[in-house]
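**Q** Got a structure here, written out as structure tokens. Questions coming.
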Amino acid sequence: MSTTNIHRAHQLEQVEAPGSMLTKTAAKALAVLRYATGFVFLWAFADKLLGLGYSTPSAKAWINGGNPTKGFLASVDTGPLQTFFHTIAGTWYANWGFMLGLLGIGLALTAGIGLRIAAASGTLIMAMMWLAEYPLAQHTTKGAPTGSTNPLTDYHIIYAAVLVVLAAAYAGHTWGLGRLWAKLPFIQRNRWLI
């Protein structure tokens with residue numbers, strides 16, 4: 001085997017470093033997707049906290065004594081976990097967990113750091129919301145149509161997939177603090193925090 005062929009074979013065996021296979025355009029597109037998705041979570045947090053008048057009126061804002069989880073979870077009327085969701089609706093731990101989750105995921109995505117944790121916790125929130133809306137059901141327990149348009153792939157699944165893709169593609173390295181974050185000694189010792 002010639003030296004050139006050995007060199008080519010060696011090149012084929014090398015594995016690309018994470019993120020190095022993305023084109024600059026793809027990396028920028030993922031950064032835009034990261035910011036847009038982060039804004040979805042931050043907006044939901046801000047609207048529920050301050051009552052910006054979109055899904056949460058000012059009178060029902062968390063800072064005004066409103067309850068971020070009660071309305072949604074108490075109205076769950078389909079699926080096998082109705083009783084569970086009714087039980088936790090409006091509890092302090094559901095409210096704080098939900099609101100801190102929205103804020104943390106939104107900040108992580110916007111900053112481009114901690115994307116693995118954001119992907120895991122965001123996927124958990126989306127799975128819980130999917131179970132609460134339970135798109136598999138065509139009718140509520142009272143027999144009314146649920147309005148489900150797709151029993152499997154709805155926006156909760158899409159958001160969860162986006163979070164996983166952003167973390168897997170190191171999307172925080174472009175237009176974010178991901179590269180700096182990954183170089184911190186504590187993060188180097190705890191790679192799961194990337």
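The values are calculated or read from the model by the stated rules, or taken from the named source; none is laboratory data. The structure presented is a predicted model; accordingly, all values stated were derived computationally and were not measured. Heads up, the Cβs are rebuilt from the backbone with ideal geometry, glycines too, and the neighbour counts pull from every protein chain shown.
**Q** Can you find a residue that is at pLDDT 55 or above, crowded, with 18+ Cβ neighbours inside 10 Å and either farther than 21 Å from T91 by Cβ or over 24 Å from the mean Cα position of the chain (by Cα) (or both) anywhere in the stretch 11-24?
**A** Yes, some residue in the stretch 11-24 is at pLDDT 55 or above, crowded, with 18+ Cβ neighbours inside 10 Å and either farther than 21 Å from T91 by Cβ or over 24 Å from the mean Cα position of the chain (by Cα) (or both).
**Q** Same structure again: Given the conditions (1) surrounded by 18 or more Cβ atoms within 10 Å (Cβ to Cβ); (2) among the polar types (S, T, N, Q); (3) over 12 Å from the mean Cα position of the chain (by Cα), and given that T37 satisfies all but one, which numbered condition is not satisfied?
**A** Against the list (1) surrounded by 18 or more Cβ atoms within 10 Å (Cβ to Cβ); (2) among the polar types (S, T, N, Q); (3) over 12 Å from the mean Cα position of the chain (by Cα), T37 comes up short only on (3).
**Q** Would you pick out the residues in the stretch 151-174 that are within 23 Å of Q138 (Cβ to Cβ), touching a residue at least 12 places away in the same chain (Cβ under 8 Å) and among the β-branched types (V, I, T)?
**A** I157
**Q** When you scan the stretch 49-63, how many residues do you find that are in contact (Cβ under 8 Å) with a residue 12 or more places away in the chain and more than 17 Å from W96 (Cβ to Cβ)?
**A** 1
**Q** Check M99, M128 and return the single one that is modelled with pLDDT of 95 or more, of a type outside the set (K, R), touching a Phe, Trp or Tyr at 6+ places or on another chain (Cβ under 8 Å) and within 27 Å of A61 (Cβ to Cβ).
**A** Being modelled with pLDDT of 95 or more, of a type outside the set (K, R), touching a Phe, Trp or Tyr at 6+ places or on another chain (Cβ under 8 Å) and within 27 Å of A61 (Cβ to Cβ) holds for just one of M99, M128, which is M99.
**Q** Could you look through the stretch 40-74, keep only residues that are among the small types (G, A, S) and surrounded by fewer than 13 Cβ atoms within 10 Å (Cβ to Cβ), and pick out the one that is nearest to the chain's Cα centre (by Cα)?
**A** Among them, the one singled out is G53.
**Q** Let me ask something additional. Looking at (1) over 21 Å from the mean Cα position of the chain (by Cα); (2) on the phi > 0 side of the Ramachandran plot; (3) surrounded by fewer than 17 Cβ atoms within 10 Å (Cβ to Cβ); (4) in contact (Cβ under 8 Å) with a residue 24 or more places away in the chain, which one does G79 not meet, given that it meets all the others?
**A** Only one criterion is unmet by G79, namely (3).
**Q** Output the number of the condition that G112 fails; it satisfies all remaining conditions of (1) at pLDDT below 95; (2) buried (at least 16 other Cβ atoms within 10 Å of the Cβ).
**A** Going through the list (1) at pLDDT below 95; (2) buried (at least 16 other Cβ atoms within 10 Å of the Cβ), G112 breaks only (1).
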